[in-house]
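Below is one structure, written out as structure tokens; comments come after it.
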Amino acid sequence: MNKNVARGQATRAHLIDVATRLFTERGYDGTSIEAVLAESGVSRGSLYHHFPGKEALFWAVLEGVATRVGEELAAATRDIQDPVAALRAECLAWIRLAGDPVVQQTALIDAPAVLGWQRWRELDEQGSLGPIRAAVAHAAGAGRIDPQHVDTFAHIVLAATYEVALMIARAEDPAPALSAGESAMADFLDRLLGAPG
């Protein structure tokens, strides 16, 4: 790899790391480009070479968070064959991730405000709704739910999971909120899809 390309990639990764920390600590509104420049030691020209503005930098941070979340959710379901059990494990893993300060601030608190509610929901549905719908359809095929409700129930599961995650992210004391949210989500999924076998 060309040394300049490698240096550019390293600079970009460094800016994302610094911005991730600052956005997590201060939130999007409390983080300025000047703060990122001061913390990173990168020149303004170099930052703008990689990111046209703060929103683009935030988007890169959010993509990194989404990749990490995806990897952790995949790890939670890696050895599970039953789609309904996998859905349960993934929903509960997502609820636990809502206790992570980086996920809380970037994905749950700032992303809807920065991207706009509609865009945030569209991105969420693109990544999550399909697998949820497939698991709910599997439950319908097994006679656990009425097949005519598959699409609606998939949306309900997606909404419930995010609402519980938002509740945890906004809680004054996240630990009890996390415990209550995890327990309630497990109970909700058991009632909707049937308890694990």
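Computed from the coordinates by the stated procedures, all read-outs in this text should not be read as laboratory data. What you are looking at is a predicted structure, and each value in this text was computed from that prediction instead of being measured. Cβ: placed from backbone, ideal geometry, glycine included. Neighbour counts: every protein chain shown.
Round to the nearest 0.05 the FRET efficiency obtained for ALA10 and SER179 when R0 = 41 Å and r is the Cβ-Cβ distance.
For ALA10 and SER179, the calculated efficiency is 0.50.
Contour minus end-to-end for LEU129 and ARG144, with contour as 0.36 nm per residue of separation and end-to-end as the Cα-Cα distance?
On the way: separation 15, 0.36 × 15 = 5.40 nm, distance 1.93 nm.
Gain on stretching LEU129 to ARG144: 3.5 nm.
Could you tell me the relative contact order of segment 79-189? Use alpha-carbon pairs under 8 Å, at least six residues apart, and round to a whole percent. Kindly include the intermediate steps, with their values, before the conclusion.
On the way: 86 pairs, mean separation 43.8, N = 111.
Worked out over segment 79-189, it gives 39 percent.
Where does segment 3-193 land on Rg/Rh, using Cα atoms and the Kirkwood Rh? Each step should come with its number before you reach the end.
Values: Rg = 18.9 Å, Rh = 18.0 Å.
When Rh is taken as the Kirkwood radius, the ratio is 1.05.
With each pseudo-label sitting 7 Å past Cα toward Cβ, what's the ARG21-PHE188 distance in nm, one decimal?
3.5 nm
Quick one: if the Förster radius is 45 Å, what FRET efficiency do ALA160 and ALA56 give, using the C-beta to C-beta distance and rounding to 0.05? Display every interim value, and only then the final one.
On the way: r = 32 Å, r/R0 = 0.71.
With R0 = 45 Å, the Cβ-Cβ based efficiency is 0.90.
Starting from the 7 Å offset along Cα-to-Cβ, what nm value, one decimal, do you get for the label separation of SER43 and ASP29?
In this crude label model, SER43 to ASP29 measures out at 3.5 nm.
Using Cβ contacts closer than 10 Å as the measure, can you line up ASP82, ASP29, ASP173 from fewest to most? Let's see the in-between values first.
Working: ASP82 15, ASP29 11, ASP173 7.
Taking fewest neighbouring Cβ atoms as first place, the list is ASP173, ASP29, ASP82.
With θ taken as phi - 60° and the coefficients 6.51, -1.76 and 1.60, list the Karplus ³J(HN,Hα) couplings across segment 117-124 in order, rounded to whole Hz; mark glycine and proline as x.
4, 5, 5, 4, 5, 4, 5, 5
In what order do VAL61, VAL164, VAL5, VAL84 fall by count of nearby beta-carbon atoms within 10 Å, going from fewest to most?
On the way: VAL61 28, VAL164 23, VAL5 9, VAL84 20.
Taking fewest neighbouring Cβ atoms as first place, the list is VAL5, VAL84, VAL164, VAL61.
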